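Some notes on the structure that comes next.
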Amino acid sequence: MDTKITTYSAIVTQWLDEFVTRMNGGRSSEYELIADETHHHYQVIRTGWRKDVFEYNVVFHFQIKPTGKVWLLVNNTDILVTDDLIERGIPALDIVIGFLPEFMRSYSGFAVA
């Protein structure tokens, strides 16, 4: 299981790092990757000012559970990140769309839990 978690962690981290690099090109907001390798949480946050208001938003949040399942907890974009993760080697049966209610997950084409 540790090998699976290590592999999935590397895939998720690399994808998020590439996203951050793309998004930080000449924008007023700053995107930052936060990776907790101990507890296997991975987030991208966006911070910046819009006029006189400071904004702080979670763009993505993943957790890799001890079972080896990759839980997508937040996706505040229109990017189908799951397709990219599948292309990079994480099977759909190891991806859980965590922000969907459990009864809807069985229709998602991904793992239920």
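The values are calculated or read from the model by the stated rules, or taken from the named source; none is laboratory data. Keep in mind the model is a prediction, meaning the values are calculated, not measured. Note that we place each Cβ from the backbone using ideal geometry, even for glycine, and neighbour counts take in every protein chain shown.
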>> Only one of Val12, Val44 is of a type outside the set (Phe, Trp, Tyr), over 20 Å from Pro66 (Cα atoms) and surrounded by 15 or more Cβ atoms within 10 Å (Cβ to Cβ). Can you tell me which?
In response: Val44
> Filtering segment 1-29 down to residues that are of a type in the set (Lys, Arg) and more than 21 Å from Asp94 (Cα to Cα), which residue is modelled with the highest pLDDT?
Replying inline: Arg22
> Looking at segment 15-36, which of its residues are in contact with a helix residue (DSSP H, G or I) (Cβ under 7 Å, 6 or more places away or on another chain) and either among the acidic types (Asp, Glu) or within 16 Å of Trp71 (Cα to Cα) (or both)?
Replying inline: Trp15, Glu32, Ala35
>> Given the criteria farther than 17 Å from Ala113 by Cβ, aliphatic (A, V, I, L, M), in a strand (DSSP E or B) and out of contact with any helix residue (DSSP H, G or I) (no Cβ under 6 Å at 6 or more places or on another chain), does Ile79 qualify?
In response: no
> Say we look at segment 1-23 and pick out the residues that are polar (S, T, N, Q) and under 11 Å from the mean Cα position of the chain (by Cα); which of these is farthest from His40 (Cα to Cα)?
Replying inline: Gln14
>> Need pairs with beta-carbon distance below 9 Å; first residue small (Gly, Ala, Ser) and modelled with pLDDT of 90 or more and within segment 46-72, second outside any loop (DSSP other than H, G, I, E, B) and surrounded by 10 or more Cβ atoms within 10 Å (Cβ to Cβ); sequence gap 6+ or separate chains.
In response: Gly48/Glu30; Gly48/Glu55; Gly68/Lys4; Gly68/Ile5; Gly68/Tyr8; Gly68/Asp94
> Of all residues in segment 82-103, which are among the aliphatic types (A, V, I, L, M), buried (at least 18 other Cβ atoms within 10 Å of the Cβ) and assigned to a loop (DSSP other than H, G, I, E, B)?
Replying inline: Ile90
>> Between a residue in segment 1-20 that is touching a residue at least 12 places away in the same chain (Cβ under 8 Å) and any residue that is of a type outside the set (Ser, Thr, Tyr) and assigned to a helix (DSSP H, G or I), which pairs come within a Cβ distance under 8 Å, given they are 6 or more apart or on different chains?
In response: Lys4/Asp94; Tyr8/Asp94; Ile11/Leu85; Val12/Leu85; Trp15/Val81; Trp15/Asp84; Trp15/Leu85
